[in-house]
Structure formats: C-alpha cells, structure tokens
C-alpha cells in the first residue's frame, strides 16, 4: 500500500469517527481531507444529501440524521476498496 493510500484511509477513518457526534453538526475539512471525501464520493451510487460550503480552503459539510449513515457507508466502501490487507486482517481477528 502506498503512503498516499494510507493517508487517504486515515482521513476516511477520521471522518467516520466524526460522524458519531451529536447531530446536526458541521464537518469541517481542510483541503486534503475534502479531496479524500470527494474522491470517495465520486464512485458512490447512493444519495448523500449533502449541504456543502467552501470558504478560504475550508469545506463545511452539514451532517445530520438524514445523511450520516450514507456518508458512513460511502467511506466504508472507500476504505474496503483501498485497504484490502486491513480487511483481511480484520476478518482473521473475527474468526
């Protein structure tokens, strides 16, 4: 796995962790984090229902009860797709 893939997975994991906050809240992402978020969103087939604003290199995404599960699902798919080794390790730990 490349260093870029590791960073992307770390950002996706960070965002998933943030989704457990009380809702609604603004998910505040810097440029690198937002790039990973939108990279994950590119191939996602579901409706994310996103309200997004950009200002001075900062992206704010409104997270509420209507979109948190879809965002979590999208990022989980992204992680699974890019971290096959981690998924295999997790499955070994479960069995």
- Query: If you line up the Cα atoms of the chain on their principal axes, what length do they span on each, largest first, in Å?
  - Reply: 42, 27, 24
- Note on the structure: Rg/Rh of segment 1-57 (Cα atoms, Kirkwood Rh), to two decimals, equals 0.96
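Bear in mind that the values in this text are calculations on the coordinates, not laboratory data. If you're wondering where the values come from, they're calculated on a predicted model, not measured in any experiment.
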